[in-house]
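The next block holds one structure in the form of structure tokens; read it before the comments.
The values are calculated or read from the model by the stated rules, or taken from the named source; none is laboratory data. Predicted model, so just to flag it, every value in this text is computed and none were measured. FYI the Cβ positions are ideal-geometry reconstructions off the backbone, even for glycines, and counts take in every protein chain you see. Just the protein is used for accessible areas: all its heavy atoms, side chains included, with ligands, DNA and RNA removed. Shrake-Rupley method; radii C 1.70, N 1.55, O 1.52, S 1.80 Å.
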Amino acid sequence: MTDPVAPSAASKLFAYAPAPESRAVVDIAPSYGLFIDGEFREAAAGKVFKTLAPATEEVLSEVAHGGADDVEAAVRAAREAFGPWSALPGAERAKYLFRIARIIQERSRELAVLETLDNGKPIRETRDADLPLVAAHFFYHAGWADKLSYAGLGPDPRPLGVAAQVIPWNFPLLMLAWKIAPALAAGNTVVLKPAETTPLSALFFADICRQAGLPKGVVNIVTGDGATGAALVAHPDVNKVAFTGSTAVGKEIARTVAGTDKRLTLELGGKGANIVFDDAPLDQAVEGIVSGIFFNQGQVCCAGSRLLVQESVHDEVLDALKRRLATLRVGDPLDKNTDVGAINSAEQLARITELADSGEREGAERWSVPCELPGRGYWFAPTVFTGVGQTHRIAREEIFGPVLSVLTFRTPDEAVAKANNTPYGLSAGIWTEKGSRILDMAGRLRAGVVWANTFNKFDPTSPFGGYKESGYGREGGRHGLEAYLEHA
Amino acid sequence: MSTPETRGSEARGARLSVLKTYKLYIGGKFPRSESGRVYEVTDAQGQWLANAPLASRKDARDAVVAARKAFAGWSGATAYNRGQVLYRVAEMLEGRREQFAAEVAAADGLPAAKAREVTDAAIDRWVWYAGWSDKVAQVVGGANPVAGPFFNLSTPEPTGVVAVLAPRRSSLLGLVSVLAPVIVTGNTAVLVTSHTAPLPALSLAEVLATSDLPGGVVNILSGDTAELARPLAAHRDVNALDLAGADGELAAELEAAAAENLKRVLRPAPGADDWSADPGLARMTPFLETKTVWHPVGA
């Protein structure tokens, strides 16, 4: 068999010239404070930390490191703001959120470049996926603010109070939108803790809140590390905790919240199965496999990280997949042609590397895209493991990186059994031309989001969230509002 | 029917009554506790009513196995079918109305008329829930108008095996009010009865066993609440926990244990001893998952 990915004359002929997006559109200050009660301020203890561009390891800015005193101040500000904010007519709250949505649209290129710098993800994704979804999320929830009586919780449901929200680094501004938009629409006030490695877009969002004239204290941003987040969720005057991140931390938070009156929603890890049947449109399936695991460098909780391919088409799918992967452009995230950017941090790169090495040690066959990686920054070539057994760590543990584990099956029953053989239950994919099989599989897969003949699609109207240890509660749609409301 | 006055009594020359041996209900069968233990159950005045099984951790684990085994069939049954099975339970309850009224009177310390009223409310509640089986999906699910060429549908699904701590008081109406909403949507249940008033629950098992309800869909354990609840809260194959019958301190401990596999936890509501109010959806939705399916639209 010929190597399906030997560089061909054609691929050399059609090499791309660099097409960098301009950094001039964004002005990053040398330092940022916490955003509390409508003002930026230094951390009470005066601590700061640096945030890096993972593609270059360049220091982008120095950010205040919030501690317990700062959490206290932020919660107090949110508590004071809660009364007037929740008492506003819904139509007025709606207009603030519409304003925010519009300002995000106006500043979307700036925010896309900023996000790409701070996160390392390709500008193509921040520009075409993250930012449009962020604006759409605020626009969608704005319209709910004066229609809460129709949300299925009885007439005149009440907001919960102060929401403590802790978000991850993989979609920094989008996760902020998923948290803040429904919370504010429902009449809550928030204290949000962005991820340690990606604090900047949340701080720019604070500026958008000021531009929108949002009353002070309604949104507070406390940057910091895990200890900052732990202090926030443990604060006794918080009524609601919403967390997106790892399952291990999610369990810790659930223990912290146990025995209190705090409401909790968790959106945690996943090990999604992407199931390809022999009658699938294979070219489309290959595109779906690629977007399923290499979108956002695979740093996606709902990634299709386990490919379950029907045995009879295994070789055909793998050949096509490798051919396709060889055309991915890995490198400068600000280049408009880049498909795969940088890993978010040295720590995450180490975790991906360690798990990928375990795959080799445990006997799976490793193949990586033959590409040149930049000399500086955090990089991992898109990688596919074949011959993966269900007991291998790379089949069980969330890698959160551009690593695909390929398993095979013969019958639909076997596919269901293998797909569900995980403590997670966030996402799954099904590729087949047979409608009745799609519906049968969709019904039997224990996952909160099932993509049939597509993958990694998101929308503010569409509830998102997991079964089992992928967490509880939904974000988006009418269902997502329930996390921020209670019966009158 | 036996009442506290006649039970065990032979002084009045009346016929000697036949006492019932109360047993657990696991996987559609009526075993004694594997531990061989029983405890004394008394009425509100402290008079002996019966010996009830003092179920063990092993019984609890066996009940989880039975509930898991029953889950695929019960959750896969049509909503119409589940509704009819639940309605059948109400029919069987109605047939034993006098028995339950007497047991409730003894268990809850109620006058006969009030006990009949509570029993009727429990039967009516069961009928109410039976009707929800094929409606809840339309009320809490639906199509989502996504901004793209996709069909997008959200559907509620049962979360799995639910461990239910029945209310400590309200031995029948409270019991029915926590059990029916769990199973009507397709979950299976391991129910821990009220420690002090387990007899209506153990009798309900006899109703369930004669109501077309597949074995294992409901499993009923009597005993010490904390002793049974701890292994259930920590059990990796239990998906959710209803803490209705736990006091504050135990509830907090169980909720923390439940975090180990992120069980869905329904906390005890303040002032929840009144089971007469319209329950709404509040005891069904905590044990439902929302599944959202996407498919492209196009020729």
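Below, the figures for the structure above:
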{"item": "Residue count for region A:326-352, restricted to those that are farther than 23 Å from A:Pro199 by Cα and out of contact with any Cys (no Cβ under 9 Å at 6 or more places or on another chain)", "result": "5"}
{"item": "Filter result for A:Ala77 (part of a loop (DSSP other than H, G, I, E, B) and either in contact with a Lys or Arg (Cβ under 9 Å, 6 or more places away or on another chain) or open to solvent by 70 Å² or more (accessible area, probe 1.4 Å) (or both))", "result": "no"}
{"item": "Qualifying residue in region B:197-213 (condition: touching a residue at least 60 places away in the same chain (Cβ under 8 Å), open to solvent by 20 Å² or more (accessible area, probe 1.4 Å) and either at the interface with another protein chain (Cβ under 10 Å from one of its Cβ atoms) or touching a helix residue (DSSP H, G or I) at 6+ places or on another chain (Cβ under 6 Å) (or both))", "result": "yes"}
{"item": "Within region B:270-297, considering residues that are within 10 Å of another protein chain (Cβ to nearest Cβ) and small (Gly, Ala, Ser), the one least open to solvent (accessible area, probe 1.4 Å)", "result": "B:Gly280"}
{"item": "Check on A:Ala326, more than 17 Å from the chain's Cα centre (by Cα), within 14 Å of chain B (Cβ to nearest Cβ) and touching a residue at least 12 places away in the same chain (Cβ under 8 Å)", "result": "no"}
{"item": "Unmet requirement for B:Gly160, which otherwise passes all of (1) within 30 Å of B:Ala44 (Cβ to Cβ); (2) open to solvent by less than 10 Å² (accessible area, probe 1.4 Å)", "result": "(1)"}
{"item": "Residues of region A:239-263 classified as at the interface with chain B (Cβ under 9 Å from one of its Cβ atoms), closer than 18 Å to A:Ala183 by Cβ and among the aliphatic types (A, V, I, L, M), total", "result": "2"}
{"item": "3 or more residues closer than 19 Å to B:Val192 by Cβ and touching a helix residue (DSSP H, G or I) at 6+ places or on another chain (Cβ under 8 Å): qualifying helices (runs of 4 or more DSSP H) within region B:16-110", "result": "B:57-76, B:97-108"}
{"item": "Residues located in region B:251-269, provided they are open to solvent by 50 Å² or more (accessible area, probe 1.4 Å) and more than 9 Å from chain A (Cβ to nearest Cβ)", "result": "B:Ala269"}
{"item": "Odd one out for A:Asp69 among (1) under 23 Å from the mean Cα position of the chain (by Cα); (2) part of a helix (DSSP H, G or I)", "result": "(1)"}
{"item": "Members of region B:129-157 found to be surrounded by fewer than 17 Cβ atoms within 10 Å (Cβ to Cβ) and away from every other protein chain (no Cβ under 14 Å), listed by number", "result": "B:Gly131, B:Asp134"}
{"item": "Residues of region B:88-106 classified as under 9 Å from B:Ile123 (Cα atoms) and surrounded by fewer than 24 Cβ atoms within 10 Å (Cβ to Cβ), total", "result": "4"}
{"item": "Subset of region A:111-144 [open to solvent by 10 Å² or more (accessible area, probe 1.4 Å) and more than 20 Å from the chain's Cα centre (by Cα)]", "result": "A:Gly143, A:Trp144"}
{"item": "Among residues of region B:218-250, those that are closer than 22 Å to B:Ala70 by Cα, away from chain A (no Cβ under 14 Å), of a type outside the set (A, V, I, L, M) and buried (at least 22 other Cβ atoms within 10 Å of the Cβ), counted", "result": "3"}
{"item": "Some residue of region A:123-142 being of a type in the set (Gly, Ala, Ser), within 22 Å of A:Ala488 (Cα to Cα) and either in a helix (DSSP H, G or I) or in contact (Cβ under 8 Å) with a residue 24 or more places away in the chain (or both)", "result": "yes"}
{"item": "Filtered residues of region A:393-414 (kept if under 25 Å from the mean Cα position of the chain (by Cα) and either surrounded by fewer than 19 Cβ atoms within 10 Å (Cβ to Cβ) or more than 14 Å from A:Val309 (Cβ to Cβ) (or both))", "result": "A:Arg393, A:Ile394, A:Arg396, A:Glu397, A:Glu398, A:Ile399, A:Phe400, A:Gly401, A:Pro402, A:Val403"}
{"item": "Counted residues, region B:130-182 - those being farther than 27 Å from A:Ser462 by Cβ, more than 11 Å from the chain's Cα centre (by Cα) and without any contact (Cβ under 8 Å) to a residue 60 or more places away in the chain", "result": "2"}
{"item": "Restricting region A:475-488 to residues that are in a loop (DSSP other than H, G, I, E, B) and facing another protein chain (nearest Cβ under 9 Å), the residue that is farthest from the chain's Cα centre (by Cα)", "result": "A:His487"}
{"item": "Residues of region A:126-167 satisfying the condition of being in contact with an Asp or Glu (Cβ under 9 Å, 6 or more places away or on another chain), over 22 Å from A:Val218 (Cα atoms) and of a type in the set (D, E, K, R)", "result": "A:Arg127, A:Asp130"}
{"item": "Of all residues in region A:289-313 being over 23 Å from A:Leu355 (Cβ atoms) and in contact with a strand residue (DSSP E or B) (Cβ under 8 Å, 6 or more places away or on another chain), the one that is surrounded by the most Cβ atoms within 10 Å (Cβ to Cβ)", "result": "A:Gln310"}
